[in-house]
Every structure is written in structure tokens, then in C-alpha cells.
Amino acid sequence: MSIKPTRMQFNGGELSPWLQGRTDIAKYDKTAKLCRNFIPLVEGSLKRRGGTHFVAQTPQDDDILFQILPTPVEAKVLINGVERSSITVARGDKLYYEVSCDGFSSSSGNYVVLEDTNLEVFLVSKSELFTFTIQTEPSDATVLLNGYQRRSIKVFKNSTVEYQVYKDGYILQSGSVVVQDNQTLTVTLQQDEQTLIDYGDWGTLEKFVGCTVFLYNHRFYRSWTIKFSNGYLGVVLDYSQIAPDESYVLDESLFFKSNYDLYNAVVIAYGIYQVCVAVKGAADDVIMLWYYDENNECIGGIDVFSADIAGWPRDEDDKYITQINDYVGVVSGNVLKVYYQGNLVWELKGRNNV
């Protein structure tokens with residue numbers, strides 16, 4: 001077998017691949033084929049190379065201008081300990097600034113420069129007081145200034161005042177103002193369109209109960225149940241439809257009051273739920289069966305025959321599951337948004353949905 005003698009020194013450095021067969025070279029036995037992450041020493045040994053140390057981020061493009069615009073303008077500005085109001089830096093540089101002026105509270109902070117920046121710094125006066133007032137339209141809207149309900153506030157010059165203005169049926173407005181004089185701000189609220197949606201004697205929209213199935217004349221239909229404060233609305237679709245299309249018109253005959261006389265109506269008890277009520281469906285002869293739980297809460301509609309043929313799922317107690325879990329209904333204001341498998345498929349906006 002071949003014998004490879006031990007190398008005792010490496011001060012010949014790294015040998016070029018073109019010379020690896022040149023055993024006649026004097027320094028051949030003092031070299032290495034590959035010397036990675038080591039440094040050959042004059043004495044012949046090797047030492048591990050040193051590590052690296054972050055000094056600064058290299059600029060990605062042209063230098064960036066950073067400057068401070070103080071108020072008052074005569075304020076003294078220090079950037080990184082040097083009196084100046086502007087500096088050119090590399091992208092990503094972190095700066096420290098101080099702004100001060102007699103009669104005003106000083107301000108300081110750190111800033112990471114990512115683009116050309118004009119930083120406004122307002123120093124708050126220690127003596128000058130001004131009044132900030134908000135007027136509203138409509139006039140009876142509620143006003144919060146710096147978190148407290150009031151319409152005017154006295155603050156030192158250059159103080160920042162946060163405000164919120166709101167009223168039921170209107171869209172909240174908020175913002176901030178740097179007070180530099182006695183000033184009045186007029187805030188006009190916009191009506192929330194959702195609050196203008198009216199469902200008449202159906203009452204207020206409350207929730208999407210779920211989706212069920214029924215069978216009529218050898219044809220399956222989907223049935224949604226939507227709960228209002230005064231009753232329930234059925235939305236009936238062909239089973240092949242995931243959601244109503246743009247031409248769908250709500251069938252008002254599918255709405256029934258929540259104070260429906262359950263026990264004197266056409267009542268059918270299957271022993272699965274407490275009560276179900278027969279209500280006219282999408283076609284003249286279609287009968288929908290709306291199920292109620294023990295608290296007289298409507299939980300959907302289906303008939304047992306349809307459920308069996310359609311292979312409708314059952315729970316662990318072998319009772320029919322009335323909701324299709326792929327549907328989720330979200331109520332916001334007086335608008336219902338129905339999602340199927342995470343995608344928005346239908347919106348209900350008012351009695352006529354127009």
C-alpha cells in the first residue's frame with residue numbers, strides 16, 4: 001500500500017492545481033493542496049484565520065440627505081453631537097439628534113435613515129398657552145381631545161393634540177394637530193351608509209344561521225336561514241348554486257315572525273329537534289321545514305327524507321347536522337357578508353338588496 005509522509009510545515013502556501021504533479025519543486029513538501037480558513041506562518045505552522053466585525057452598512061446607492069426642520073427656527077440642532085441641521089449619510093445609518101431652545105422643552109431621539117428625510121421637530125413652549133377648539137357638523141357629535149370628552153383645550157405652543165369625533169350613524173374621524181396659535185378646527189362627519197340600510201318590519205339584521213338542504217319533486221335545493229330581530233328569512237337556491245347570483249330577488253314570503261305560534265302551526269316532530277314549522281318555499285308546492293332547538297331558536301330547515309337521500313352528515317349522536325360548515329356569515333352594521341370556503345360569495349344590503 002502507499003505511504004503518505006506527514007507534512008511538517010506549510011509556509012510554502014497553497015499549491016496551484018497545475019503544479020500538483022511537480023514533486024521536483026523544492027517547496028513541494030512545504031505546501032498544501034487546499035488551505036481554507038487558515039493562514040500559513042513563516043515559521044511553517046498554520047493559524048486559524050480571524051473573524052469579521054461589522055463596522056457600517058455599505059451604501060446601496062447614492063448618499064442620502066437627512067435634515068431637521070425645527071420649530072422655532074432659531075432652535076439649536078445637534079446631529080451625532082455636532083451642531084448642524086443636515087447631514088449626508090448612507091442608507092441604513094442610525095443618527096442621534098438633539099434640538100433645544102431657550103424657553104422651550106428640548107427634544108431628542110434616534111433615527112434610522114432609509115431615504116431622503118426632512119424631519120420636523122416641534123419644541124413645546126414652557127410659557128405660551130393657546131386654545132384649540134373643535135366645531136362639529138352635526139353639532140351634537142361627541143368630541144374627545146387627548147382622550148377626554150371636551151370641545152376645547154388649552155395647551156402650550158407646539159403641543160400635539162389628538163382628537164376623535166363620532167356620533168351613531170356616522171363614520172368616526174380622528175387626527176392630530178400641532179397647536180401654534182389660538183385655532184378652531186371644523187370637523188364634518190359623513191353618514192355611515194350601512195346605518196341607512198332599512199329592513200322595515202323585519203327588524204335589525206342579527207346573524208347568518210346556516211345552510212341546509214331540502215328535496216322537492218326529485219330536485220335538491222339549498223336553503224339559507226338569516227336571523228333578524230323580528231324573525232327569520234329563508235333564501236332558497238338550486239343545490240348546484242353556491243350562492244345567489246346578481247339577478248336573485250329576495251322572496252318576502254319566506255320571512256316569518258319569531259313570535260310565530262309554533263305549537264298551533266303545522267308542527268312536525270321527528271324526535272331529532274324540539275319543533276319544526278312548515279313554511280311556503282320557493283315554488284308554490286315547496287314546503288320548508290324550519291327547525292328550532294329547545295330554546296325556540298331557529299337553527300335551520302331540512303326534512304328527514306331529503307337528508308337521507310342526500311346523505312346529509314350526522315353528528316356523533318346520529319343526529320342530522322343542520323349547518324354546512326363551509327359557510328360563514330359576518331354581520332357588520334346592517335350588512336351581511338356570506339363567505340364560502342373563505343371566499344366572499346354574497347352580500348345582503350337592505351330589504352330589496354339593491
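The values are calculated or read from the model by the stated rules, or taken from the named source; none is laboratory data. Keep in mind that this is a model prediction, so the values were computed, not measured. Here Cβ is always computed from backbone atoms with ideal geometry, including for glycine, and neighbour counts include all displayed protein chains. For accessibility, only protein heavy atoms count, side chains too; no ligands or nucleic acids. Shrake-Rupley method; radii C 1.70, N 1.55, O 1.52, S 1.80 Å.
Of all residues in the stretch 1-18, those satisfying the criterion of being modelled with pLDDT under 75 and over 19 Å from L46 (Cβ atoms) are M1, S2, I3. Filtering the stretch 82-96 to residues that are open to solvent by 30 Å² or more (accessible area, probe 1.4 Å), assigned to a loop (DSSP other than H, G, I, E, B) and more than 27 Å from K157 (Cα to Cα) leaves R91, D93. Go through the stretch 117-153 and give me each residue that's assigned to a loop (DSSP other than H, G, I, E, B) and surrounded by 11 or more Cβ atoms within 10 Å (Cβ to Cβ). Listed by number, the residues that qualify are L123, V124, K126, E128, P138, A141, N146, R150, R151.
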